[in-house]
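Here's the structure, in structure tokens; my notes come after.
FYI, it's all coordinate maths here, none of it is from the lab. Values in this document were obtained by computation on a predicted structure and should not be read as measured data. Every residue, glycine as well, gets a Cβ built from its backbone with ideal geometry; the counts of neighbours run over all protein chains shown.
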Amino acid sequence: MSVTDTIVAIATAAGRGAIGIVRLSGPQAFAIAERIAGPLPAPREAALRAFRDADGEGIDQGLVLCFAAPATFTGEDVVELQGHGGSVVLQSLVEAACRHGARVARPGEFSERAFLNDRIDLVQAEAIADLIDAGTRDAARAARRSLDGALSQRVRTLAAALLELRVHVEGALDFSDEDIDWLADRKLHARVETLRTGLQQLLAEAGRGRRLRDGLVVALAGRPNVGKSTLLNRLAGADVAIVTDIAGTTRDVLREHLDLDGLPLTLIDTAGLRDTDDTVEREGVRRARAALDRAELALFVSDAGANLGTGDQALLQSLRADLPRLIVHNKCDLHGLAAAREERDGHVHLHLSAATGDGIDRLVRELHRVAGLGERTQTTFSARTRHVDALRRTLGFVVDAEQRLHEGANAELAAEELRLAHDALGEITGRVTSEDLLGAVFSRFCIGK
Ligand code: GDP
Ligand code: ZN
């Protein structure tokens, strides 16, 4: 793949600012910049220059910075023109660059070139976007770690182990005529197991990394009037849901994106779940059930005075069986009860008051714990659903391969599962290709045959 054109774009945010940067990347970047700014400074040295448009008219004056390929962000020659941050000035610079032969970059094209030129892998390209979009400090820190290669490195290590395994198993296929029973090799079984546990660990960490980015999706559930909307408002610190004492007020599904002490969280307030004849409310109940299906945690709210009565129990039973839940006993103030936490029937029960705020801090801590971010681990990197999915598929194939090997050593099927695992893992960084395998097999197994 050869990239021959030079792209240009405004690199700083739209709107007014003290400084705005126009960035050029490509083989013509230096030549084009020279026609706009005059003689260029040495790479990585700044120089103050007057910027002119294609007709020689002054646009602005500012700093010119040149970066010579290949040690640049994109891997190509890169020039930054730092002018005053008005949109007219920056737009004029882009137009001048285009008149001199550059093309306006597509969204993400600088990162795409960095990927195509092997400066970064797919995970890192995505991490750049995540870093820019990060909603919390922890999310930004995690994105930075991914950009530094924390996730990529782990994936590459596992991919290398997987490659070794494939070489071993496919070798067994090639040499099946010989007397060595390659598949009975105990080292092989140990290797598959190590790979599997490594994948399981990374999958768990990637799940936490994804959560840091997207947040934990929590659905509020409970009978009407128990205080769900009040709790949502309390956590959000603003009046976002309508609170009344008429049962069935919350008819639609409300979503709030919250930053709870560094934990991004999407809280969904659902219509009080109950059988109803009101068609509007019924639609609300249907949407509430759909929202519950996508949630990762149910915050089940009940009235502390009822101590989970039959109505509550029936609702609890109706939740998706595999949906983790926190049971909130609300309105403690009303019943003269103290805020408390207890574990009962395998669930955490929190007694609190959404109205007074008593016990809310404990709820926040509990949500952090559920999200798996109890201690802010320094090793956490950002990850996307795409990565988690790919890891899960990889693990599935490896588990199948392990089974085949244990079963009766059907090498062909095991080899196929491992190939699928390798492909799935390679999707993450966008790097692993079948050539890796060919190269490795060829170099190791071409023993004079
Ligand atoms: P939802 O239908 O479950 O969303 O319940 P709401 O949040 O709309 O609250 C129903 C009623 O209970 C309202 O009058 C609230 O003011 C009241 N309420 C909610 N939480 C508390 C609480 O902790 N203590 C007291 N005393 N009243 C509460
Ligand atoms: Zn409500």
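Please give the length that would be gained between residue 306 and residue 358 if that part of the chain were fully extended, namely 0.36 nm times their separation in residues minus their C-alpha to C-alpha distance (nm, one decimal).
Full extension from residue 306 to residue 358 adds 16.8 nm.
To the nearest 20 debye, what charge dipole does segment 1-127 have about its Cα centre, counting +1 at the Cβ of each Lys and Arg and -1 at the Cβ of each Asp and Glu?
180 debye
State the extension gain, in nm to one decimal, for the chain segment bounded by residue 118 and residue 44, taking 0.36 nm per residue of separation less the distance between their alpha-carbons.
24.5 nm
Tell me the net charge near residue 75. Cut-off is 12 Å between Cβ atoms, residue 75 excluded, with +1 for each Lys or Arg and -1 for each Asp or Glu.
-2
If N is the number of residues in segment 24-140, what value comes out of its Cα radius of gyration divided by 2.2 N^0.38 Å?
Compared with the compact-globule rule of thumb, segment 24-140 sits at 1.15.
Just want the answer: with Cβ charges of +1 for Lys and Arg and -1 for Asp and Glu, which residue in 46, 86, 33 is farthest toward the dipole's positive end in segment 1-117?
Of the listed residues, the answer is 86.
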